[in-house]
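What follows draws every value from the coordinates through simple rules; no lab data is involved. Only a predicted model underlies this, so the values are computations on that prediction, with no experimental measurement involved. Note that each Cβ is placed from the backbone with ideal geometry, even for glycine, and that neighbours are counted across all protein chains shown.
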Amino acid sequence: MRIKPSRIPALPVPRSEPFGLFAIIESKRTILPLKGVECDFSVLSGVADVSMTQIFRQENEKPLDCEYLFPLPADASVYFCEADINGRTIRAQVRERQEARKLASEKKAAGHRTALVESERDNLFTLSLGNVQSGDMVVIRLKYFQTLRSLADMPSIEVPFCPGIRYIPGKPLLRSNKGKGIVDDTDEVPDASRITPVRIDGEHPDAAYIEVRGTLDGQFVDENEVSSPSHPVAVNRVGQELRVSLSDKGDLPDRDFVLRWKEKEAEAVVSRVWVQQKDKVNDKVKDKVAGTYALLEIRAPKEAPQGRAPVDFYFLVDRSGSMQGEKWNKAAEALLSCVKVLRPDDRVMVTFFESRFQDFAEGPVSAQGLLGDSRFQGIAKIGTDGGTELRSALKHVLDVAAKHSANCPRNLILITDAQIANEDAILELMKPESNFPTHCFGIDVVLNDSLLQALSRQQGGTFHSLNPRDDIQKAVTALGQTLGQPVLLDLKLSDGWEAADATIPNLYAGQIHYLSARCSKGSRLELTARSASLKPVKIRFEEQRASNDAPYLHWCKSRIARLMAEGKDKQAIALSTESNLICRLTAFIAWDQAEKVAVATHELMQPSMAPAWGSARFDAMPVGAAGATAHLCEDDRVSYCLSAPELDRSVATRKLRKLLGKALGRSAVPRVATDLGSAAADELLLKRELSEICHQAGVPDWQELVKAIFDWIAEANGDERTRRIEAVNKLVCEIRDKSIRSGETVGTLHQVLKAFVEQFRVRNVV
């Protein structure tokens, strides 16, 4: 029997009565294993290299299988996965998805701990941990790289931590669900149960923390021009590097992390190319890998054409329930800002959608006429309601455009959070409309970038990711002036070079487009195009050295997507396994061969956080059943029980930790950790503190040293483990004191770390 979250009351609850699901088998609540998610990134020119670490600690008596749904950017090339199990590191391999599932099942049945990562969407992944024993510490580390995004001349990196709550259209199917989620599979979303996890809110006693650390190239970025609309951040300069970290150490995985900055002008105007030579050839892959790979960053001219022809603009605006509050206000603001910068002879048609759709007028009208309508000026007052039936609304817009704009240029502008699950149906509907450029403005704290990127790429438009705390009026005003007509058309690579994608899109003013190309003959790389006035243009590039495999991996990512779109699944799988890049047809699989353990008979679905729509930083959106303090139970083998007094104590402990960190300074947190909770909590607090000090101070090679120290802790048990934690606690305090003492150098801090490693004979230091 599956226990649905609709049966579980949401917080808060009266203190006088117990709440939750009381155990049928066990008499105490199940402790959720996910303790924290840490992100480390490095941005060099146009590429971000990112490491995402998920930390699990199994504190329940019985062995568990654990499943966790998590997001990554849709345009991320995920090339590395490893599992660290109690100090033993196992590198995951990419295998065909069904083969990986079979391997995971066989190894689990044989008593091995297993880790399986599958791609549900381009931006949604499922981690399945098998046979996790009581006391196990499991660390899953994923690495990916992505090209930078930009918003109105500001380069950006966006790191998602929370999967959005997606609208599931269609009728439920009678068959068994494919997953353990809270929504049944439907005829329109046959995998709905795999992408609808249970939710918890920030007051849950087991809510995980997040940590973000990163570096920017300080040679081209001023630290005063770095900002985040999503989180408070600290920015420090260390030599030529800018080191970025979260200011709030009690933050939760309930929204995307967004960082924006301004480049110095010399860096911002030059198109660049990164080149990499690959010599390996795999005979099993028809798409041979040997050759020269290039990642081109094409920067279109910033000025839009002055004499363009009139254009019909079709706005499709999401006013569904998920857009409630600040998102809806910003969507209305974006609509008004964009219409204001259109030309007098442009025509505009506006359609709003939720469960139904409604046109503002019976057909396209002039931009000036629309702005003169008082009801349009107050459009935010219509508010939000209903579901997100995007497909039917899109079909309606296509029918209207065919009737009114058959013989004139037209553009579609979609303003939405894209929180829907039937993305493939949307793309299939729009695929025949190749002459209908679609520009996607996504507004959310947990944006579904997968649909919006794919739609804008397929239709030859642009994608813009907006946080509700961005200056949306300024950004959309700047972008709206560029969308009428492309400034670069008919882009072509020189002979001997081929693009990874099937086509190279036309580019709009100020647009930055990343293109992968490959050559096996040593030909010179050139890119030509035509301007808006049809004059020939030759695009010149500043060649830069590739510091990683980005050119090759970006090629493989793009080519795999193309092969899948063309129905060439076997070739896509072969290239995915060859490049070790995960896609929806493959999966990462790892198992611990070192020992055999008890086979788990209990299953647990690690809840995701409720998105931060209702936080103090954003207007309220009720969490409802999705925010219930619970996790999914399967076949009564795992049960959840939490009484109100237990909740009060757990929440009080969590709040006390956070308050101590703010009031006494981060150095105080490790000193009091042992008095506040379990050894696992102590270790996580210490690791966060030590990592933060080393990162901010610019200590060289600190990641390997910190990892070795905490692997050393994981090797011990009982009193010896406590002794080691106390030793590291003293180390943290010593380093904190030295880091703030005048005259101490980064080298001194590094020496302190090395001395600790040597004193306690910490092993496995690289």
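Residues L515, L585, L685, ranked from the fewest to the most other C-beta atoms within 10 Å, line up as L585, L515, L685. In order along the range 578-589, the Karplus-derived 3J(HN,Hα) couplings, from 6.51 cos²θ - 1.76 cosθ + 1.60 at θ = phi - 60°, round to 5, 8, 6, 9, 6, 9, 6, 9, 10, 7, 8, 9 Hz, and Gly and Pro are given as x.
Backbone phi angles across the range 597-606, fed through the Karplus curve with coefficients 6.51, -1.76 and 1.60 (θ = phi - 60°), yield HN-Hα couplings of 10, 5, 6, 6, 10, 9, 10, 9, 9, 4 Hz in residue order; Gly and Pro are listed as x. Residues whose amide H falls under 5 Å from that of S230, counting only those 5 or more places apart or on a different chain, are V258, with hydrogens built in the peptide plane.
Computing Rg and the Kirkwood Rh from the Cα coordinates of the range 312-480 gives a ratio, Rg/Rh, of 0.92. The length gained by stretching the chain between R761 and A309 to full extension, at 0.36 nm per residue less their Cα-Cα distance, is 155.3 nm. Which of the three applies to the range 327-420, rounded, prolate or oblate, going by the alpha-carbon gyration tensor with a ≥ b ≥ c and a/c under 1.5 meaning rounded? Oblate, since a/c reaches 1.5 and b/c is not below a/b. Judged by the ratio a/c of the largest to the smallest principal axis of the C-alpha gyration tensor, the range 456-583 counts as oblate, that ratio being 1.5 or greater while a/b is no larger than b/c. Lysine pair count for the range 312-480 (Cα-Cα distance under 17 Å; residues 8 or more apart in sequence or on different chains): 8.
Multiplying the residue separation of A716 and K178 by 0.36 nm and subtracting their alpha-carbon distance yields 189.7 nm.
Taken about its Cα centre, the range 312-480 carries a charge dipole of roughly 300 debye when the Cβ of each Lys and Arg holds +1 and the Cβ of each Asp and Glu holds -1. Neighbour counting of Cβ atoms within 10 Å sorts the residues R88, R736, fewest neighbours leading, into R88, R736. For Y209, the amide hydrogen comes within under 5 Å of the amide hydrogens of G36, V37, counting only partners 5 or more places away or on other chains and with H modelled in the peptide plane. Please list, in order along the range 364-380, the HN-Hα scalar couplings obtained from phi with the Karplus expression 6.51 cos²θ - 1.76 cosθ + 1.60 (θ = phi - 60°), rounded to whole Hz, x for Gly and Pro. With the stated coefficients, the range 364-380 comes to x, 10, 5, 4, 5, x, 5, 5, x, 8, 4, 5, 5, 4, x, 4, 4 Hz. In plain terms, the residue of S150, S322, S134 with the fewest other Cβ atoms within 10 Å comes first and the most crowded comes last, giving S134, S150, S322. Among the listed pairs K62/K143; K102/K178; K264/K557; K143/K730, those with a Cα-Cα distance over 26 Å are K62/K143; K264/K557; K143/K730. Amide H to amide H distances under 5 Å link S320 with D385, where only residues 5 or more positions off or on other chains count and H is placed in the peptide plane.
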